[in-house]
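Please treat every number below as a calculation from the coordinates, not as lab data. Please read these numbers as outputs of a predicted model, since none were measured by experiment. Because the Cβ atoms are built from the backbone with ideal geometry, glycine has one as well, and the counts that use them run over all protein chains shown.
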Amino acid sequence: MRVATAKGLERWRKTGGELDAQGATLPGIKLERFQLFGANFNEADLEEASFAGMELIRISFVGANLRRAKFPKAAMADVDFAGAKLKGAKLEEAMFNLTDFSDADLEKANLRRSRSAGAHFNRANLAGADLTGAKIRAIFSGANFSGAKAAKADFSGSVLDDEALLYLASHGAKFDDEQQARLAALEQDEILAAIPAPTASKTSGGL
């Protein structure tokens with residue numbers, strides 16, 4: 001496995017200081033505990049890369065391979081993971097604000113105790129992900145939570161489809177008052193839907 005330091009990125013540095021590593025092959029690169037502002041890693045191979053404890057600002061990982069990448073305790077703002085492959089990634093205790101995970105594959109990713117005050121997970125695959133204790137306010141339109149862990153996760157203020165809301169509630173997640181009211185209505189609808197429809201009574205007649 002290739003392990004590099006921040007100096008390993010100098011070849012992609014542009015005039016003005018930003019990095020353009022689009023399509024770069026950097027599996028296992030180790031970038032930890034410093035600030036990275038303005039970088040393009042679109043379609044890059046960053047499998048098992050480590051960004052532990054980093055401050056990531058205005059970074060683009062669109063379509064990047066980040067399988068089993070490590071972001072524990074990283075602080076992110078204006079980061080774009082749209083369409084990225086994050087299967088098995090470690091994002092525990094990470095903070096991500098104004099971050100886009102739309103269409104990203106986060107299957108079995110670890111997001112335990114992560115925090116977000118504004119993110120997009122539209123159509124994201126969170127199947128089998130661990131969201132235990134997370135506190136995330138985000139838009140989850142079309143997201144897949146199948147098999148996800150959500151005990152004590154707080155989704156207050158998030159936009160959730162009906163199916164996602166019901167699933168997360170059944171797995172110990174917490175919601176705000178408006179979401180709780182909507183959940184109660186959905187559960188009532190499920191109860192009513194399960195009641196068999198009355199059958200027409202048969203009458204006997206004679207000549």
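Net charge of the neighbourhood of residue 115, taken over other residues with C-beta under 12 Å away and scored Lys/Arg +1, Asp/Glu -1, is +2.
Give me the dipole magnitude in Debye, nearest 20, for the stretch 6-187 about the Cα centre, with unit charges on the beta carbon: positive for Lys and Arg, negative for Asp and Glu.
Numbers: 25 positive and 26 negative charges, 153 e Å.
Using only the charged Cβ atoms, the result is roughly 740 debye.
A simple count of charges around residue 99, restricted to other residues whose Cβ falls under 10 Å of its Cβ and scoring Lys, Arg +1 and Asp, Glu -1, yields -3. Residue 175: net charge of surrounding residues, Cβ under 10 Å, Lys/Arg +1, Asp/Glu -1, itself excluded? The answer is -2. With all pairs of different C-alpha atoms in the average, the Kirkwood value for the hydrodynamic radius of the stretch 6-187 is 16.3 Å.
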